[in-house]
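Below is one structure; the comments refer to it alone.
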Amino acid sequence: MMTAQKLSILRLFLRSATLIVVVLLVFSQAGSVSAHHSFAIYDFEVTQEFEGVVEIIKFRNPHIEMILKVTHPDGSEDLIHYVEGAPANMLVRNGVTPDKMKVGSRLKTTASPLLEDPKKYFLRALITEDGTEYGI
């Protein structure tokens, strides 16, 4: 049987252990949230322009994603993968509605490459078929 003093020490230990676990969980999640929203993973000193037709579009939050098919003068094609852009709700507030970026739409884009994979891009700006320019 436990004495009152031992029971008091056990309760204090459990409270301390619980607090430590909570603090560790909070700090472990804070790093992943800030890493997800960091733009340090892109080379914003480099911009590339592309013109092509939307093959795939995911117009959603937290970020849009798009694949643009680019046809070169020699007839060869490339797929440009925009792994990230502005959130869909921000685009809509700026006038870029889903019908302006739907599959089959012709777009001119400006993008910055992902540092770890320069074949993936952050969408920075676009010009729609009607000539309207949008900074993202």
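A few remarks follow.
- Criterion applied to K69, K58, K108, K102 was being open to solvent by less than 70 Å² (accessible area, probe 1.4 Å) and of a type in the set (K, R), and the one residue passing it is K69.
- Test result for T47, surrounded by 11 or more Cβ atoms within 10 Å (Cβ to Cβ) and modelled with pLDDT of 95 or more: yes
- Among residues of the stretch 117-132, those that are open to solvent by 90 Å² or more (accessible area, probe 1.4 Å) and modelled with pLDDT of 95 or more, counted: 0
- The numbered conditions (1) in contact with a strand residue (DSSP E or B) (Cβ under 7 Å, 6 or more places away or on another chain); (2) without any contact (Cβ under 8 Å) to a residue 60 or more places away in the chain; (3) under 18 Å from A40 (Cα atoms) are all true for R124 except (2).
The values are calculated or read from the model by the stated rules, or taken from the named source; none is laboratory data. Nothing here was measured: the structure is a model prediction, and the numbers come from that model. Here Cβ is always computed from backbone atoms with ideal geometry, including for glycine, and neighbour counts include all displayed protein chains. Please note that ligands, DNA and RNA were not included when accessible areas were found on the heavy atoms of the full protein model with its side chains. Shrake-Rupley method; radii C 1.70, N 1.55, O 1.52, S 1.80 Å.
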